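The values are calculated or read from the model by the stated rules, or taken from the named source; none is laboratory data. As the structure is a prediction and not an experimental result, all values here were calculated from the model. Here the Cβ positions follow ideal geometry from the backbone for every residue, glycine too, while neighbour counts run over all protein chains shown. The accessibility values were calculated without ligands, DNA or RNA, using every heavy atom of the protein model including side chains. Shrake-Rupley method; radii C 1.70, N 1.55, O 1.52, S 1.80 Å.
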Amino acid sequence: MAANNRRMSGKKGAQVGSGGQRRRGLEGKGPTPPAEVRKGHKKNRVANAKAKQTVRRPAPRGRGGKGTSEMVVGRNPVVEALREGVPAVTLYVQQFIDNDERVREALQLVADRGGVHLMEAPRPELDRMTNGLNHQGLVLQVPPYEYAHPEDLTSAAYDAGQDPLIVALDGVTDPRNLGAIVRSATAFGGHGVVVPERRAAGMTAGAWKSSAGTAARTPVARVTNLTRALEAYKKAGIAVVGLAADGEVEVGELAALGGPVVIVVGSEGKGLSRLVGETCDYRVRIPMPGGAESLNAGVAAGVVLYEAARRRG
């Protein structure tokens, strides 16, 4: 019997229940997650690989692309940019700055505008941001410009029931000229300006200032190849007119300016490039009885835009 008892003592007794003490352990874990998020699953590895490829691949740009963020540096430039309505993201103000009239005006303009962040930063940080430029304690961050696509300009014209009137710039590198041309295009009913991506002025803060705020209403499109863009306009039935000192016809005699037209303005020094000049349907000259050899690009564009607007009546 004792042996039997010894054998019996080796057996497990009755198991104690949880009695509610381990209820969480008894609860279910919910539905099985999708295979894509289950670690170790083949579909999870595939999903992770695709995610890494997406990170490496640059984000798609808009139809016309974006410019780059820009810093306006110095008290006078910052105040002038804010006065002219240049778009801004953040105004950086140096800590313990001497509070003169320009600083007060900059702060007031930002407060009146709204939507612009105001940040205080130590001088070493502003020095780093501006690569050591003489910022005088004020730095204005301008957001990247949202360029249009060349087709957007013609679409806007046709939507308004008008013939397209567009200006294209070939080798114009001064942002002030670009801003002045945008201003003239707005004044004479133009539908936009086209600029190349390389070796050309872009919509910087300087261009915004020269446009006197009209850049907010008249779009600027950017293209990788100006010649191809002009050829596409020609296929769409738009005349391409280039300005040249030795043009075959005077601007006042060209009837094509009364219809759908792209006016191409070259640089002051070199004029139209060879390929662009060969692409033009017409090359026109502006008569200058006063004897000047050439006109500023912005002035020349304004003269031809006026003639186009006059013909459209």
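Structure notes:
- Filtering 266, 298 for residues that are among the small types (Gly, Ala, Ser), part of a strand (DSSP E or B) and crowded, with 20+ Cβ neighbours inside 10 Å leaves a single hit, 266.
- The lone exception for residue 117 - which of (1) over 21 Å from the mean Cα position of the chain (by Cα); (2) exposed (fewer than 14 other Cβ atoms within 10 Å of the Cβ) it fails: (1)
- Odd one out for residue 310, checked against (1) open to solvent by less than 60 Å² (accessible area, probe 1.4 Å); (2) closer than 30 Å to residue 84 by Cα; (3) part of a helix (DSSP H, G or I): (1)
- Only listed residue being more than 27 Å from residue 256 (Cβ to Cβ), surrounded by fewer than 22 Cβ atoms within 10 Å (Cβ to Cβ) and touching a Gly at 6+ places or on another chain (Cβ under 8 Å), chosen from 202, 132, 171: 202
- Subset of segment 220-258 [aliphatic (A, V, I, L, M), in contact with a strand residue (DSSP E or B) (Cβ under 8 Å, 6 or more places away or on another chain) and part of a helix (DSSP H, G or I)]: 226, 229, 230, 251, 256, 257
- Just one of the listed residues (116, 182, 194) is under 26 Å from residue 65 (Cα atoms), touching a strand residue (DSSP E or B) at 6+ places or on another chain (Cβ under 9 Å) and in contact (Cβ under 8 Å) with a residue 60 or more places away in the chain, namely 194.
- Within segment 81-97, tally of residues that are in contact with a Lys or Arg (Cβ under 9 Å, 6 or more places away or on another chain) and either in a strand (DSSP E or B) or crowded, with 17+ Cβ neighbours inside 10 Å (or both): 6
- Number of residues in segment 98-111 that are closer than 13 Å to residue 137 by Cα, surrounded by 15 or more Cβ atoms within 10 Å (Cβ to Cβ) and in contact with a helix residue (DSSP H, G or I) (Cβ under 9 Å, 6 or more places away or on another chain) equals 3.
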